[in-house]
Each structure stands twice: as structure tokens, then as C-alpha cells.
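Colleague: Sharing a structure with you now.
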Amino acid sequence: MRRLASRLFSGLRRSRTEGTTETKSSQQTSLIEEIIREQFGFARIEEQPYTRPTHAVADVKRLKRERRHDEAEELLLWCIDFVEAEAEGKGYDKPPHSYYRHLAITYRKDLRYDDEIELLERYLRVCETLGDEPSTVMLERLDRATNWPSTKPQTENGR
């Protein structure tokens, strides 16, 4: 791990002095991806053009605004997998809930209530596994989702 980090930072110094930022940048990205794979066990890093989930937030918001929910879902699931691997790898108490919330909102807009509930329950399981209480925002969202009228089984007379 230290060897990878030192190669990364030495590459940064060389790129500034040699003026070859284009090739150094791609080498640095490769090194960052290697560190992420090694440190977090996150093998899916190459699936998206980002080295951190935070770098994807603007694109997620744009995709949601453009109603390209399938693409937003794919990107958000990648972000969620990343933050879960990072939280476990670094010993965090819980992953950031914002990616789950964004995806839950997308599911709700698409009337995919069961997917929303499943995602929120996944967040709760991850928090439990990591040893912390889930965010109250997410607990409230799950409560609303499970009590949403169209998610309740209907009786014989339709009520």
C-alpha cells in the first residue's frame, strides 16, 4: 500500500516538473484505481469514469434532471457499492446515506416502491453490519415507503 502511494505521489511531482500532465494523469488514475482495488476490495472501479463517488454527484443530478433514470440508477448503484466497500475497508460506522437517498427518490418517481424498500433495507443492513445506527432521515423514508398506499396489500374489496 505504501509502495502504491509513494508511486502515485512521485508521479505527481514528475508530472509538474516534466510538463507531461496528459500521460501522467492517466498513470495516476491507474494507480488510484489499483489502490482502491487493493485497499477496499472494490473490483468494479473501472465500470465508471470516476475514482470517487463524490466525483459522480453532478452527473447523477444531471441524469435525474434529464429523466434518464436507468443511467442514474446504474451510476448510483456503483456509488453505493463503492461507499459500502470503503466503509468496510476503512472501518467506518456507516456509509454516507446520500447515494441511497438519491436512488430511493428515483425509484419512488418511477413508482418502483418495492425496489425503494429493498434499497432502504439494504442501507439498514449495512449500518447494522458496520455497527452503527442508520440515519434518521433514512429510517423515516423507510417508514413512509412501507406505509405508502400502493405498497400495502389490498383486501378483497380493494381497500
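Colleague: Mind counting the residues in the stretch 56-100 that are in a helix (DSSP H, G or I) and under 24 Å from Cys127 (Cβ atoms)?
Modeller: Residues flagged as in a helix (DSSP H, G or I) and under 24 Å from Cys127 (Cβ atoms) within the stretch 56-100 amount to 25.
Colleague: May I ask you to list the residues in the stretch 59-110 that are among the acidic types (Asp, Glu), in contact (Cβ under 8 Å) with a residue 12 or more places away in the chain and either closer than 21 Å to Leu142 by Cα or exposed (fewer than 15 other Cβ atoms within 10 Å of the Cβ) (or both)?
Modeller: Glu73, Asp81, Glu84, Asp93, Asp110, listed by residue number.
Residue-wise test of (1) of a type in the set (A, V, I, L, M); (2) surrounded by 14 or more Cβ atoms within 10 Å (Cβ to Cβ); (3) at pLDDT 95 or above.
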residue: Asp115; (1), (2), (3): no, yes, yes
residue: Leu124; (1), (2), (3): yes, yes, yes
residue: Ser135; (1), (2), (3): no, yes, no
residue: Ala145; (1), (2), (3): yes, yes, no
residue: Thr151; (1), (2), (3): no, no, no
residue: Gly158; (1), (2), (3): no, no, no
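Colleague: Just need a number here: residues in the stretch 120-148 that are acidic (Asp, Glu), within 17 Å of Ala85 (Cα to Cα) and not in a helix (DSSP H, G or I).
Modeller: 1
The values are calculated or read from the model by the stated rules, or taken from the named source; none is laboratory data. Here the structure is a predicted model, which is why all the values come from computation and not from measurement. Ideal geometry is used to build each Cβ from the backbone, glycine not excepted, and the neighbour counts take in all protein chains shown.
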